[in-house]
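Asker: I have a structure here, written as structure tokens, and I will follow up with some questions on it.
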Amino acid sequence: MRFVGGFGLAALCLVTVTLAKVELDEGILVINKDNFDSVINDNEYVLIEFYAPWCGHCKALAPEFVKAAKKLLESDSSIKLAKVDATIETQLAEKHEVKGYPTLKFYRKGLPIDYTGGRQADDIVHWLNKKTGPPAKDLPTVDEAKAFIEAHNVAIVGFFKDVKSDAAKVLLDVGNAMDDHVFGITSSDEVFKEYGVEDGKILLFKKFDEGKTVYDGEFTVKNVQSFITVHSLPLIVEFNQDTAQKIFNGDIKSHLLIFLSKEEGHFEKYIEGIKEPAKKYRGEVLFVTIDCDETDHERILEFFGLKKEDVPAMRLIKLEQDMAKYKPENPDLTAENILEFVTDFVAGKLKRHLLTQDLPEDWDKNPVKVLVGTNFHEIAYDKEKDVLVEFYAPWCGHCQQLAPIYEQLGEKYKDNDKLVIAKMDATVNELEDVKIISFPTITLYKKETNEAVEYNGERTLEGLSKFVESGGEYESAPTSEAQEEDEDDDVPRKDEL
């Protein structure tokens, strides 16, 4: 026994020495190349964030990551949160295939899987608990069921006398698949009686709208998932940091966006009238309100060509159709008008709304010509000339860096009557036949054929000159620096609202 005790003491000392090498920052393990393996080996479950100090998304995640670590500690969880500064630990970042920031990887018994949950503290904790525990929590008593339901904004509970039945198995399969929700299951007579539920039912409890919804459809994984996706969101969802991911990553891709001002009392004035149309098209169209008093939402207004003085207003958007937008003929936010607008949209009767600016009188005065929606095709598809177009966004940092170089390019070729250097603000000018995914996008429209060739080389005067002089044949591969820029999560894209 003495030998064993001595060995145990030695082992304890060894672990203490190992752990001493791992710094704790607000409950989060700080990992480097020297302690990475020991952290993974010494802990059964570790969620690691690879971050860059300058990354805006990383800065936004940081306080939520700390909150999540605190919640896990308070619940005596064995799950650890850790972080790696990927700009310093470049070898670790490369080894673990980090291509953007933040990248989160979950190590379960030493094996990594990609983190697919949300970026709020509760979402992180829910996801981790789902990955380390059973798909549904057993609820044998009324007190446990009540505590489980009360603890969550949305809770899905299956009521099955036989927890090994096919229907119960469907619930467990859905629980395994859906990481952003919590699931419970019970076969207890007292729990059945408490909630007045028949055998073989699934109840979705929620702290909003009607409080709970009963699923009574066919028991297939797809159907139950669809039910949860639709009813776990409020009838009318307010867009904010907590709901953004659920709104845009959800199964419902058609959204009615209603732009309101809380300061002006719009929410109190209009929400009640929106409810009936929202109920009718629940599951087909998601109704979303946006408070335009929030400075963070200004870009959403810009994306739809709206100004704050246009509020209240509404627009429809179809996410799976290249972010197609639809504008009502009648802007009034009455229940009747909203219902008519959405009904015509669902029936396919609406024509897509394309943003365009008014054509400036001096659009062709300078070496770099200004294009808008109304003159784009006339200029870009001129078969007598090669036309280079930069599609840009005014707020894009890379576009701002390119601007003086692009002006030099225009000056260089201003006397070439077979070449046009042009630019278009693609945030306020849209084209049905041209889809811009990222900024800046530089495209050469070749004379005679109008073939569109996208430039993928270095954004330098020399590179752009070679590109146009070769008729689009010269396209150098992106440098590692250009690739890093393209992968930078701080670079907004046109499809990010």
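The values are calculated or read from the model by the stated rules, or taken from the named source; none is laboratory data. Keep in mind that what you see is a predicted model, and the values were worked out from it rather than measured. A quick note on method: Cβ atoms are made from the backbone with ideal geometry, for glycine too, and the neighbour counts reach across all protein chains shown. Ligands, DNA and RNA are stripped out before the accessible areas are found, and what is left, the full protein with its side chains, is counted by its heavy atoms. Shrake-Rupley method; radii C 1.70, N 1.55, O 1.52, S 1.80 Å.
Asker: From the list I252, I274, exactly one residue is out of contact with any Asp or Glu (no Cβ under 9 Å at 6 or more places or on another chain), β-branched (V, I, T), open to solvent by less than 80 Å² (accessible area, probe 1.4 Å) and not assigned by the TED database to the domain that holds I437. Which is it? I'd like the intermediate steps shown before the answer.
Answerer: On the way: I252 fails: out of contact with any Asp or Glu (no Cβ under 9 Å at 6 or more places or on another chain).
Unique residue meeting the criteria: I274.
Asker: Conditions first: (1) open to solvent by less than 20 Å² (accessible area, probe 1.4 Å); (2) touching a residue at least 40 places away in the same chain (Cβ under 8 Å); (3) in the same structural domain as T220 (by the TED database). A168 passes all but one, so which condition is the exception?
Answerer: Failed condition: (2).
Asker: Out of everything in the range 281-320 that is open to solvent by 40 Å² or more (accessible area, probe 1.4 Å) and in contact (Cβ under 8 Å) with a residue 60 or more places away in the chain, what residue ends up being nearest to L350 (Cα to Cα)?
Answerer: Of everything passing the filter in the range 281-320, K318 is nearest to L350 (Cα to Cα).
Asker: Say whether the condition of being among the hydroxyl-bearing types (S, T, Y) and open to solvent by 50 Å² or more (accessible area, probe 1.4 Å) is met by at least one residue in the range 178-197.
Answerer: Yes, the range 178-197 contains at least one residue that is among the hydroxyl-bearing types (S, T, Y) and open to solvent by 50 Å² or more (accessible area, probe 1.4 Å).
Asker: Are any residues in the range 392-427 assigned to a strand (DSSP E or B), open to solvent by less than 10 Å² (accessible area, probe 1.4 Å) and out of contact with any Lys or Arg (no Cβ under 8 Å at 6 or more places or on another chain), and if so, which ones?
Answerer: M424
Asker: Scan E378, E384 and give me the residue that is assigned by the TED database to the domain that holds E469, in a helix (DSSP H, G or I) and open to solvent by 10 Å² or more (accessible area, probe 1.4 Å).
Answerer: One residue alone meets the criteria, E378.
Asker: Related question: What number of residues within the range 86-106 are surrounded by fewer than 20 Cβ atoms within 10 Å (Cβ to Cβ) and in contact (Cβ under 8 Å) with a residue 60 or more places away in the chain?
Answerer: Qualifying residue count, the range 86-106: 3.
Asker: Here's something else I'd like to know. Filter the range 454-473 down to residues that are open to solvent by 20 Å² or more (accessible area, probe 1.4 Å) and without any contact (Cβ under 8 Å) to a residue 40 or more places away in the chain, then give me how many there are.
Answerer: Adding up the residues that qualify gives 8.
Asker: Go through (1) out of contact with any Pro (no Cβ under 6 Å at 6 or more places or on another chain); (2) under 21 Å from I113 (Cα atoms) and name the single condition A145 misses.
Answerer: It is condition (2) that A145 fails.
Asker: Can you tell me which residues in the range 50-85 are open to solvent by less than 70 Å² (accessible area, probe 1.4 Å) and in a helix (DSSP H, G or I)?
Answerer: G56, C58, A60, L61, A62, P63, E64, F65, V66, A68, A69, L72
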